[in-house]
1. In the range B:76-89, which residue that is crowded, with 18+ Cβ neighbours inside 10 Å and of a type in the set (A, V, I, L, M) is farthest from the other protein chains (Cβ to nearest Cβ)?
2. What residue, among those in the range A:103-136 that are within 13 Å of chain B (Cβ to nearest Cβ) and at positive phi, is surrounded by the most Cβ atoms within 10 Å (Cβ to Cβ)?
3. When you go through (1) under 18 Å from the mean Cα position of the chain (by Cα); (2) surrounded by fewer than 24 Cβ atoms within 10 Å (Cβ to Cβ); (3) part of a loop (DSSP other than H, G, I, E, B); (4) among the aliphatic types (A, V, I, L, M) one by one for B:L161, which number turns out not to apply?
4. In the range B:144-158, which residues are surrounded by fewer than 18 Cβ atoms within 10 Å (Cβ to Cβ) and in a loop (DSSP other than H, G, I, E, B)?
5. Being aliphatic (A, V, I, L, M) and in contact with a helix residue (DSSP H, G or I) (Cβ under 6 Å, 6 or more places away or on another chain) is the filter here; which residues of the range A:167-207 pass it?
6. Are any residues in the range B:2-51 surrounded by 22 or more Cβ atoms within 10 Å (Cβ to Cβ), among the hydrophobic types (A, V, I, L, M, F, W, C) and within 14 Å of another protein chain (Cβ to nearest Cβ), and if so, which ones?
7. I'd like the full set of residues that are of a type in the set (D, E), touching a helix residue (DSSP H, G or I) at 6+ places or on another chain (Cβ under 7 Å) and part of a loop (DSSP other than H, G, I, E, B), limited to the range B:1-56.
8. Could you say which residue among B:M121, B:M129 is more than 19 Å from B:D178 (Cα to Cα), within 11 Å of chain A (Cβ to nearest Cβ) and assigned to a helix (DSSP H, G or I)?
Amino acid sequence: MNKVVSNADEAIRDIKSGMTLMLGGFGLCGLPENCIAALVKKGVKELTCISNNAGVDGFGIGLMLKQRQVKKMISSYVGENAEFERQLLSGELEVELIPQGTLATRCMAAGYGMPAIFTPAGIGTEVAQGKEIRNFHGKDYLMELAFDADFAIVKAWKGDTMGNLVYRHTARNFNPVMAMAGKITIAEVEELVEPGELDPDHIHTPGIYVHRIFQGSNYEKRIEQRTVRKK
Amino acid sequence: MLDKEGIAKRIAKEIKDGYYVNLGIGIPTLVANYIPEGIDVVLQSENGLLGMGPFPFEGEEDADMINAGKQTITILPGSAVFDSAMSFGMIRAKKVNLTILGAMEVSENGDIANWKIPGKMVKGMGGAMDLVASAENIIVAMQHVNKAGESKLLPECSLPLTGVHCVKKIVTELAVLDVLPEGGFKLLERAPGVSVEEIRNATAGKLIIEGDIPEMILI
């Protein structure tokens, strides 16, 4: 049960133009930096990317946007990226904005083998247009479908060769639910360890969900909003 | 009339001991600075944290520890970290006692618009639609009128909605108001030095005034 691949290039070897990818992370926190760099190098295009945000200019998914590799973004918030805005306004890029909890829970549903969820988020708004509404106990809920992604690409802190993953602090965010949701899931980790080195009681993503794993390198871990107080 | 800090101070008085609270970006974030002594609250950050602490000291920032506004933060003893699905699970299941967020418009039946202005670059709703659809206790912190001098408390919202029939209370630079279940803004308190007349002139939606309206007491 060894899932280790040598590097990001090998991990993404069969990702092709036109595929749908999930990319973990919140803002620039918990991003699969090595795989994003490999995707940029490989130059696959026409991608549909499911990710909470679209990176910033020069980092994260912003790097893929700059190379015009993304056909469609499915996100909850896309604010911080001038190139993104340019492509959106010129019609080069398609964007589907969905509520953040809906985004997370549609990933979760895929990982739990459920075809759809019911959520009150978006009732009475343009998000509800064209969607089935069901009333439970006097309250309306939207039916939202589980995501169907060819690949999920996530970043964890530690992982073992069997694919078990542990995340660190709020770099966890969307990574565990996306890891569960991909037809093929690729995990890059800061530290790859042998089976037995991670406490089974402390695993966040069981290895059954992970198909390929490798130890990444040169993590930049850029901070989007550095805020501090004086001593 | 209150400044932003004043609005935050007044809202802080609504927080009860033992509450789990989600604070939105902007004025709501400032509320954390004015939580009264002896009141024990846990702040939820929807990117996956309960127990958010203050900003880190210079040099102690950690790229793996941010809040929903992507700012570096610290975690307090007793904190818990979880994934985004669980984060919105606890919001949807009404475990979070109080949600405080900003708004561009609120209508007299409690509808809120705070994510999209037609003709402007749309950044997205983030977690706002999930929060307003599920939270039982929502306080809006905002200016009473926009930069053009137009009321933001309206009979109906003109901007695309974030959620319907959800806002319970509004605190502005002029007043504290309840949004009544049957519709209408009920005036509860005036900001220091502000007259009922000024509030009436700044409120386009149905304003309900009963008896003497006291001036608010800030901590």
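The values are calculated or read from the model by the stated rules, or taken from the named source; none is laboratory data. Being a predicted model, the structure only gives us computed values, none of them experimental. Cβ sites come from the backbone with ideal geometry, for glycine too, and all protein chains shown count toward neighbours.
1. Among those that are crowded, with 18+ Cβ neighbours inside 10 Å and of a type in the set (A, V, I, L, M), it is B:M86.
2. The qualifying residue surrounded by the most Cβ atoms within 10 Å (Cβ to Cβ) is A:G122.
3. So the condition that B:L161 fails would be (2).
4. Pass one, the range B:144-158, residues surrounded by fewer than 18 Cβ atoms within 10 Å (Cβ to Cβ): B:146-151, B:155-156, B:158.
Hits for the range B:144-158 are B:N146, B:K147, B:A148, B:G149, B:E150, B:P155, B:E156, B:S158.
5. Looking only at the range A:167-207, we keep the residues that are aliphatic (A, V, I, L, M), and these are A:171, A:177-181, A:184, A:186-187, A:189, A:192-193, A:198, A:203.
If the condition is that a residue be aliphatic (A, V, I, L, M) and in contact with a helix residue (DSSP H, G or I) (Cβ under 6 Å, 6 or more places away or on another chain), then A:V177, A:M178, A:A179, A:M180, A:A181, A:I186 are the ones that fit.
6. The answer is B:L43, B:L49.
7. Residues of the range B:1-56 of a type in the set (D, E): B:3, B:5, B:14, B:17, B:37, B:40, B:46.
Still in the running and touching a helix residue (DSSP H, G or I) at 6+ places or on another chain (Cβ under 7 Å): B:5, B:46.
Residue satisfying the conditions is B:E46 alone.
8. On the way: B:M121 fails: assigned to a helix (DSSP H, G or I).
Sole residue among the options that is more than 19 Å from B:D178 (Cα to Cα), within 11 Å of chain A (Cβ to nearest Cβ) and assigned to a helix (DSSP H, G or I): B:M129.
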